[in-house]
Amino acid sequence: MRILLADDDAPTLHVLERIVRRAGHEPLLAHDGEEAWATFQREPVECVVTDWGMPNRSGIDFCRAIRTAADRSWAYVVLLTGRTEKADVLEGIAAGADDFVTKPFDADVLRAKIHAAGRVLELERKLRDRVADLEAALAEVKTLRGLIPICMYCKKVRDEAEAWQAVEHYVAHHSDAVFSHGVCPTCYEEVVDPMIQSVRDRAGALHPD
């Protein structure tokens, strides 16, 4: 993952960077809230670890801004804070934080939080891919409502590969429809009944009374 680390305390930021690198991830550093927001807008960041109290833009305000981002509002946000009161936790959650790490933080705890963030992001990625597949499938089904090239004589349909196929095969391929074949009254009268009569006539000619 590309993880954005935001903290106005340089030694803390250095420790965060070392932990993230050792965990096998790519860190991006920001020294205040404004720099963090600018970096988030510019770089494809999946996870954010941000201090609560920073100059220019607080971690809470940064978190709120992330949740308004149209393209990556799903980014996972971990708040670093020494605040442990219930009201503070509720404020962080309301701002859109996914998790908290209490300062001074334990490196093992932070690594565990980042690992959990990776699992959540992978599930969200799969969900987004599934939604995209469903939207593509829906768009394909909707093409049945558009212009369909059909032969005026044999009634075959020309597909996307410029191949002609029976209309029932085309519809079945582009939707969940299942066909059950039958004979309408008009076709029975104009096609089937004359065929039956013809067979009877030939049989009568071969075996006269």
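Residues in the stretch 104-123 that are surrounded by fewer than 16 Cβ atoms within 10 Å (Cβ to Cβ) and either out of contact with any helix residue (DSSP H, G or I) (no Cβ under 7 Å at 6 or more places or on another chain) or not assigned by TED's automatic domain parsing to the domain that holds Arg67 (or both): Pro104, Asp106, Asp108, Val109, Ala112, His115, Ala116, Arg119, Val120, Glu122, Leu123.
Restricting attention to the stretch 158-192 and to residues that are among the polar types (S, T, N, Q) and surrounded by fewer than 10 Cβ atoms within 10 Å (Cβ to Cβ), the residue that is modelled with the lowest pLDDT turns out to be Ser180. Is it the case, given these coordinates, that Gly92 is more than 16 Å from Leu5 (Cα to Cα), in contact with a Gly (Cβ under 9 Å, 6 or more places away or on another chain) and crowded, with 16+ Cβ neighbours inside 10 Å? Yes: the conditions hold for Gly92. Report yes if Arg64 is touching a Gly at 6+ places or on another chain (Cβ under 8 Å) and either assigned to a strand (DSSP E or B) or surrounded by fewer than 18 Cβ atoms within 10 Å (Cβ to Cβ) (or both), otherwise no. Answer is yes for this residue. Residues that are assigned to a strand (DSSP E or B), over 28 Å from the mean Cα position of the chain (by Cα) and in the same structural domain as Phe100 (by TED's automatic domain parsing) do not occur anywhere in the stretch 13-26.
May I ask you to verify whether Gly96 is on the phi > 0 side of the Ramachandran plot and either assigned by TED's automatic domain parsing to the domain that holds Ala6 or among the hydrophobic types (A, V, I, L, M, F, W, C) (or both)? Taking the combined requirement at face value, the residue satisfies it. Report the residue count in the stretch 36-50 for those that are part of a helix (DSSP H, G or I) and surrounded by 17 or more Cβ atoms within 10 Å (Cβ to Cβ). Here the count works out to 4.
Matching residues to (1) out of contact with any Ser or Thr (no Cβ under 8 Å at 6 or more places or on another chain); (2) modelled with pLDDT under 85; (3) at negative phi:
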site: Thr84; (1), (2), (3): no, yes, yes
site: Ala87; (1), (2), (3): yes, no, yes
site: Glu91; (1), (2), (3): yes, no, yes
site: Ala107; (1), (2), (3): yes, no, yes
site: Lys113; (1), (2), (3): yes, no, yes
site: Leu123; (1), (2), (3): yes, no, yes
site: Ala132; (1), (2), (3): yes, yes, yes
site: Glu135; (1), (2), (3): yes, yes, yes
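Going through (1) in contact with an Asp or Glu (Cβ under 6 Å, 6 or more places away or on another chain); (2) closer than 26 Å to Glu122 by Cβ; (3) acidic (Asp, Glu) one by one, Asp8 falls short only on (2). Look at Leu79 and say whether it is out of contact with any Pro (no Cβ under 7 Å at 6 or more places or on another chain) and assigned to a helix (DSSP H, G or I). Criteria not met by Leu79.
The values are calculated or read from the model by the stated rules, or taken from the named source; none is laboratory data. Since this is a predicted model, take the numbers as computed values, not measurements. No Cβ is skipped: glycine too gets one built from the backbone with ideal geometry, and neighbour counts run over all protein chains shown.
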